[in-house]
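The structure appears right after this line, and notes come after that.
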Amino acid sequence: MALNKDMLDLIATVHKPVIFYLPERLFPNLPPDVIKGFEAISLLNTLFLIDEKGTPGPIDGSIKYVTLLGKPKILKSNIFQLLEMKSNLNKDTFLYLLNDYNKEVSTWVSATEVIKNDALHETVNYAKTLQSYLDLQYQCLRDHQLELNSKFGEWKSDVEFERISKVFKKSSSINSKSNVSLKASVEDKRKTTIRLNKSKSLISDEEADKYLLNTIFNVYI
């Protein structure tokens, strides 16, 4: 139980803190009363900050979002914790935990890339002063992903590289014609490379919607 809690806490730091927003087009199938509820509290198409405790709050002209400056340090600490786990756990257990962590990192690399590129066009409270923070959160997550691959690549099996890209399918930052090469699972021990076409989502729109709602707001539909 303690190990599970430690890993859940570690995974949660990937998106805490982060500046995020919910595009209105994310919810074409939600009941109208749920949509109205989100609109009433200014969450749709509105940038907000998820703080270190996981609590969403508005970006209201304050400087709370400077907490993002500590993001690289948090992620570097995660590397050390993962290295410690690697030393103390058997290979299968560590691989299972590392895969969960890596999936979360991949999710938020994709999300923050879209946010930094499209917030200007899609959000009602965008400000030029925020752009450097949007760039920072993407870059430090991307650097973290590269460091993970460098230090733990031989332990890592396939990840869901585009868990949420389908959600942002209309975004100019997603190139639907590009392909991505991913290493096949460590478990089959073969050095096979598989091709994943970005135009094919690994999850449905509904599943992606639910994932974001569950992750950010603990809303289950």
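The values are calculated or read from the model by the stated rules, or taken from the named source; none is laboratory data. Remember, predicted model here, so these are calculated numbers, not experimental data. In this analysis, Cβ positions are derived from the backbone assuming ideal geometry, glycine residues included, and neighbour counts consider all displayed protein chains.
Quick one: in the stretch 1-42, which of the residues that are assigned to a loop (DSSP other than H, G, I, E, B) and over 18 Å from the mean Cα position of the chain (by Cα) is nearest to THR129 (Cα to Cα)?
Filtering first and then ranking leaves SER42.
Just one of (1) acidic (Asp, Glu); (2) modelled with pLDDT under 95; (3) over 30 Å from LYS86 (Cβ atoms) fails for ASP135. It is (2). For LYS116, are the conditions met, namely being modelled with pLDDT of 95 or more, surrounded by 13 or more Cβ atoms within 10 Å (Cβ to Cβ) and not in a loop (DSSP other than H, G, I, E, B)? In short, yes.
Hey, among the residues in the stretch 47-100 that are of a type in the set (A, V, I, L, M, F, W, C) and part of a strand (DSSP E or B), which one's surrounded by the fewest Cβ atoms within 10 Å (Cβ to Cβ)?
ILE50
Give the residue that is farthest from LEU43 (Cα to Cα), with candidates limited to residues of the stretch 58-102 that are among the hydroxyl-bearing types (Ser, Thr, Tyr) and in contact with a Leu (Cβ under 7 Å, 6 or more places away or on another chain).
Result: TYR101.
Please specify each residue of the stretch 21-57 satisfying the condition of being under 26 Å from CYS140 (Cα atoms), touching a residue at least 40 places away in the same chain (Cβ under 8 Å) and in contact with a Leu (Cβ under 9 Å, 6 or more places away or on another chain). TYR21, LEU22, PRO23, LEU26, ASN45, THR46, LEU47, PRO56 - these are the residues of the stretch 21-57 that are under 26 Å from CYS140 (Cα atoms), touching a residue at least 40 places away in the same chain (Cβ under 8 Å) and in contact with a Leu (Cβ under 9 Å, 6 or more places away or on another chain).
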